[in-house]
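A.B. asks: First the structure, then my questions, so here it is.
The values are calculated or read from the model by the stated rules, or taken from the named source; none is laboratory data. From a predicted model like this one, the values you see are computed outputs, not experimental measurements. Cβ atoms come from the backbone with ideal geometry, glycine included; neighbour counts cover every protein chain shown. To get the accessible areas, we keep the full protein, side chains included, count just its heavy atoms, and leave off ligands, DNA and RNA. Shrake-Rupley method; radii C 1.70, N 1.55, O 1.52, S 1.80 Å.
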Amino acid sequence: QVQLVESGGGLVQPGGSLRLSCAASRRLGGIGFVGWYRQAPGKQRDLVASITSGGLTNYADSVKGRFTISRDNAMNTVYLKMNSLQSEDTAVYFCYAASLNIWGQGTQVTVSS
């Protein structure tokens, strides 16, 4: 069974940056679509960014120009670089492999002064 493990979350001040990692326990090239989602307290889980096996990317309007998703198939890892973080970005961030219907455990991102 493939596992996804997120890391890189933490506390950051407004305007700061973080890079999240989603490491897969097997070869990433065969997994296909991977998405980063986030869920704030009391809210639904929303798609933030996604990337296909071929490298096509898609972003939520709220993060366009600030977040960048990328994948390193050799390292079996998908990254989410987050710049110009705002308090509204505070949430638990999850990665998801659609072809396997598998979620990671999530990593907390808190943006606060």
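A.B. asks: Evaluate segment 4-12: report whether one residue or more is under 18 Å from ASN83 (Cβ atoms) and open to solvent by less than 30 Å² (accessible area, probe 1.4 Å).
C.D. replies: yes
Matching residues to (1) modelled with pLDDT of 95 or more; (2) assigned to a loop (DSSP other than H, G, I, E, B):
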| site | (1), (2) |
| --- | --- |
| LEU47 | yes, no |
| SER50 | yes, no |
| SER53 | no, yes |
| SER62 | yes, yes |
| SER84 | yes, yes |
| VAL109 | yes, no |
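A.B. asks: Does segment 1-23 hold any residues that are of a type in the set (S, T, N, Q) and either within 17 Å of ILE51 (Cα to Cα) or not in a strand (DSSP E or B) (or both), and which are they? Even if it seems obvious, please write down each step before you answer.
C.D. replies: First, the residues of segment 1-23 that are of a type in the set (S, T, N, Q): 1, 3, 7, 13, 17, 21.
Scanning segment 1-23 gives GLN1, GLN3, GLN13, SER17, SER21.
A.B. asks: Follow-up question, since we're still on this one. Mind listing whichever residues of segment 24-60 are without any contact (Cβ under 8 Å) to a residue 24 or more places away in the chain, aliphatic (A, V, I, L, M) and surrounded by 13 or more Cβ atoms within 10 Å (Cβ to Cβ)?
C.D. replies: The answer is LEU47, ALA60.
A.B. asks: Within segment 86-107, track down each residue that is closer than 15 Å to ALA24 by Cβ, open to solvent by 60 Å² or more (accessible area, probe 1.4 Å) and either at pLDDT below 95 or over 13 Å from the mean Cα position of the chain (by Cα) (or both).
C.D. replies: SER99, ASN101
A.B. asks: Would a scan of segment 87-94 turn up a residue that is acidic (Asp, Glu) and part of a helix (DSSP H, G or I)? So that I can check it myself, show each step before the final result.
C.D. replies: Pass one, segment 87-94, residues acidic (Asp, Glu): 88-89.
Within this subset, residues satisfying the condition of being part of a helix (DSSP H, G or I) are 88-89.
Checked against the condition, which is being acidic (Asp, Glu) and part of a helix (DSSP H, G or I), segment 87-94 yields at least one hit.
A.B. asks: Taking interchain pairs and intrachain pairs at least six residues apart, which have beta carbon atoms under 7 angstrom, with the first residue in segment 86-103 and closer than 15 Å to GLN1 by Cβ and among the polar types (S, T, N, Q) and the second open to solvent by 40 Å² or more (accessible area, probe 1.4 Å) and modelled with pLDDT under 95?
C.D. replies: Hits for this filter: SER99/PHE33.
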